[in-house]
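What follows is a set of notes on a single structure, which appears directly below.
The values are calculated or read from the model by the stated rules, or taken from the named source; none is laboratory data. Because the structure is a prediction, the values reported are computed rather than measured. Cβ placement follows ideal geometry from the backbone for every residue including glycine, while neighbour counts extend to all protein chains displayed. Accessible surface is based on the protein model in full, side chains and every heavy atom, while ligands, DNA and RNA are left aside. Shrake-Rupley method; radii C 1.70, N 1.55, O 1.52, S 1.80 Å.
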Amino acid sequence: MNQATVEDTKVAGFKSLSPAVWRASTVLFNTVDEFTSRKDRLYDGYTYGVTGTPTNRALEERIAEFEGGAHCVLAPSGQAALCMVGLALVRAGDHVLVSDSAYGPLKTFLNDWLSGYGVAVDVYPPTAGSDLESHIQDNTKLIFLESPGSLTMEMQDIPAIVAIAKRRGILTVIDNTWATPLGFKPLDQGVDICVEAGSKLFGGHSDVLLGSIATNHRWVYEKMRHAQSVLGQAVSAEDCFLVLRGLDTLAVRYAHQCNSAIEIASWLAKHEQVELVMFPPLQTSPGHEVWARSFQGGGCVLSFIPTFQQRDEVHAFFAALTTFSIGASWGGVHSLAAFYPATEFARRKHCEYQRGIVRLSVGLEPVSSLVTDLEKSLASARARNS
Ligand SMILES: *Cc1c(COP(=O)(O)O)cnc(C)c1O
């Protein structure tokens, strides 16, 4: 005996509440026949570290159940998960539709990369419901959805789009990162594939990157697992451990952060230096009706258009923030603020907002401290203007 195998590991007599972290590149086989037929087990077993160890499987099963799906495949980041879906499901000659308010790097991947491989890509207005039909072509294969959309928070009419897609035999894929399955369960609504950036609320502590792809279709699952293997999209077992741990506290973090976010959104909506709050759970926000009709929960990320748009005023606002830190990504326990200048939206094809937008990710700090921080920073921007 010259190798320590999984069976040799002394686990008998040990019990713990936390999942084991299995690291492995090599997976061992008992016989040479098992080894040479290992590809038979790509979809229902273990073949090589790239497609995961029991720790990865534990997280995949946990997310699949959470989404109400039969299958899940992990990816090294949310963006990797979105790209894997595109690469696995379309080929040269196909046509893809993506919402104009979808996550920016996904649009860049589709427009600048996938189109270079002979795939036609069209961007549709995020609020298109049944009129999406006019954007569909005979070769449309896949429709990317995100609701609410990134930064501008447009809500999409998911049931209307799913109905068209089903009638035309087109697959739908949604980025559900904002809501998580606690706020919205896309697979229950007939969406074929649900992607989450686990880097955000699932992990919840701004210290891990991970993505997930959930589906009820066995054939889609097999395409994703195959893509993970061919593209080498390995996910570390430690990162799976962190996301498994994050999921244990997700419900309480989510509830607290959503409550704080709606309080902050309501406060901002009444502020004279705020032109518009984009946060569908807020009654006065665009998209509120669609949100109220179909979502079971809110989110911890909101956007607003400040009345001040000059560079030095925006600078003064951000320089005065102390509780909020400046940074991208979101969904962690620490609150974040980010600024997206008007030029960002000028690049979009169907965007009605051509103003600089502030985006806030609301964390677990006392909401009174967060409001105080915003009040002080808005005053600082006002002082710069006078
Ligand atoms: C952050 C984010 C992603 C990408 O996730 P990463 O893990 O950072 O790659 C995708 N979609 C949405 C909506 C996001 O906010």
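Of all residues being part of a helix (DSSP H, G or I) and surrounded by 17 or more Cβ atoms within 10 Å (Cβ to Cβ) in the stretch 98-134, which is farthest from the chain's Cα centre (by Cα)? Just the residue, please. Step by step, filter the stretch 98-134, then rank; the result is 132. In this structure, does residue 325 turn out to be within 16 Å of the ligand (Cβ to nearest atom), polar (S, T, N, Q) and under 22 Å from the mean Cα position of the chain (by Cα)? No; evaluated as a whole, the condition is false for this residue.
Contact map, the stretch 75-101: first residue charged (D, E, K, R), second residue more than 12 Å from the ligand (Cβ to nearest atom) and part of a helix (DSSP H, G or I), Cβ cut-off under 9 Å, separation 6 or more or different chains; pairs are 91/117.
Quick grid of which residues meet (1) open to solvent by less than 40 Å² (accessible area, probe 1.4 Å); (2) within 24 Å of residue 104 (Cα to Cα); (3) acidic (Asp, Glu); (4) in contact with a Ser or Thr (Cβ under 7 Å, 6 or more places away or on another chain):
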| site | (1), (2), (3), (4) |
| --- | --- |
| 273 | yes, no, no, yes |
| 279 | yes, yes, no, yes |
| 290 | yes, yes, no, no |
| 321 | yes, no, no, yes |
| 332 | yes, yes, no, yes |
| 336 | yes, yes, no, yes |
| 349 | no, yes, no, no |
| 352 | no, yes, yes, no |
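Taking the criterion of being part of a loop (DSSP other than H, G, I, E, B) and more than 33 Å from the chain's Cα centre (by Cα), would at least one residue in the stretch 61-73 satisfy it? No: the stretch 61-73 contains no residue that is part of a loop (DSSP other than H, G, I, E, B) and more than 33 Å from the chain's Cα centre (by Cα).
Before we move on, is residue 293 of a type in the set (Lys, Arg) and closer than 21 Å to residue 332 by Cβ? No: the conditions fail for residue 293.
For the stretch 77-92, residues that are touching a helix residue (DSSP H, G or I) at 6+ places or on another chain (Cβ under 8 Å) and within 16 Å of the ligand (Cβ to nearest atom) total 7.
What residue, of 51, 55, 47, is touching a residue at least 12 places away in the same chain (Cβ under 8 Å), touching a helix residue (DSSP H, G or I) at 6+ places or on another chain (Cβ under 7 Å) and open to solvent by 10 Å² or more (accessible area, probe 1.4 Å)? When all the criteria are applied, what remains is 47.
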